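Shown next, in structure tokens, is the structure this report addresses.
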Amino acid sequence: MTSLTLRGITVSLGHGDARTPVLRNVDAACRPGVLTALVGPSGSGKSTLLAVAGALLRPDSGQVLLGGTDLAALGDGERARARRERIGYMFQSGNLLGGLTAVEQLLAAASVAGRPAGRLRAAAEAALTEVGLGHRLRHRADRLSGGERQRVALARALFLEPELLLIDEPTAAVDREQAGALTELIARTATARGCAALVATHDPVVVDAAGATISM
Ligand SMILES: Nc1ncnc2c1ncn2[C@@H]1O[C@H](COP(=O)(O)OP(=O)(O)OP(=O)(O)O)[C@@H](O)[C@H]1O
């Protein structure tokens, strides 16, 4: 099982005179099987840290250790491979493709990751059933509720079996009841799969359910 360890992460964003320091020498860790809440005021750099952890943004300095690999030190091709094969993302209200069914959302993601979508249909259906959407497999995303869309996004992030799950504000667009159920589901599935889960959030429901907290 794989841990995420961030050491001495420093990031500035913007160009020229507008270049702004966003993260200064940040250390953080996220254990496998544990939901870790990433909290801090708006603008403190939570989304930026998630982007660094997910090899979407290379830090100016510091290490991004996923297991024994420093993602920050890899070349672009190896970083892209780590993103495809080792990391699951659940960002921005799901980012689903409106015209595709729930199952097709997962198969499209598999295809983008270079996995044989045809052979993964059963796994996609199992992942959707695991998040409580066994009765919505062939519903189009634009006909699902906000909470159901978030659960599709969770199943999509998990079904290729990532070692690290990164989530940005999962409960921002759902009601309080759904927020509790979704958070409980994220924590339970991360634990069941032994995957490290890092969740940027302002929501006390998520913080209460988390097994660890990182404050920015
Ligand atoms: N491209 C950019 N150029 C310059 N500054 C940027 C850029 N992107 C983000 N920032 C700044 O970096 C800081 C951190 O932003 P980030 O989105 O990581 O914060 P956050 O903690 O996730 O905020 P929120 O809780 O509001 O989502 C902010 O002050 C933001 O204005």
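The values are calculated or read from the model by the stated rules, or taken from the named source; none is laboratory data. Predicted model, so just to flag it, every value in this text is computed and none were measured. Methodologically, a virtual Cβ is constructed for each residue, glycine included, from the backbone with ideal geometry; neighbour enumeration extends over all protein chains shown.
Some notes on this structure:
- Test: residue in region 15-22 that is under 24 Å from ALA187 (Cβ atoms) and among the hydrophobic types (A, V, I, L, M, F, W, C): no
- Meets criteria (more than 15 Å from the ligand (Cβ to nearest atom) and either acidic (Asp, Glu) or under 20 Å from ALA113 (Cβ atoms) (or both)) for ALA102: yes
- The condition of being under 26 Å from ARG84 (Cα atoms) and within 16 Å of the ligand (Cβ to nearest atom) does not hold for THR129.
- If you go through region 164-190 and keep only what is among the hydroxyl-bearing types (Ser, Thr, Tyr) and under 17 Å from LEU128 (Cα atoms), you end up with THR183, THR189.
- Counting only helices (runs of 4 or more DSSP H) that sit wholly inside region 1-117, not one has at least 1 residues that are among the aromatic types (Phe, Trp, Tyr), farther than 29 Å from PRO204 by Cα and in contact (Cβ under 8 Å) with a residue 12 or more places away in the chain.
- Restricting ALA157, ALA181 to those that are in a helix (DSSP H, G or I) and either among the acidic types (Asp, Glu) or under 24 Å from VAL64 (Cα atoms) (or both) reduces the list to ALA157.
- Qualifying residue in region 75-91 (condition: within 13 Å of the ligand (Cβ to nearest atom) and of a type outside the set (Val, Ile, Thr)): yes
- Answer residue from region 170-204, given it is within 16 Å of the ligand (Cβ to nearest atom) and farther than 28 Å from ARG115 by Cα and is modelled with the lowest pLDDT among those: ALA173
- Of all residues making up region 42-54, the number that are more than 7 Å from the ligand (Cβ to nearest atom) and surrounded by fewer than 23 Cβ atoms within 10 Å (Cβ to Cβ): 2
- Scanning region 134-149 for residues that are of a type outside the set (Asp, Glu) and either in contact (Cβ under 8 Å) with a residue 60 or more places away in the chain or more than 23 Å from ALA196 (Cα to Cα) (or both) returns GLY134, HIS135, ARG136, LEU137, ARG138, HIS139, ARG140, ALA141, ARG143, LEU144, SER145, GLY146.
- Of the residues screened, LEU38 is not one that is surrounded by 20 or more Cβ atoms within 10 Å (Cβ to Cβ) and within 11 Å of LEU164 (Cβ to Cβ).
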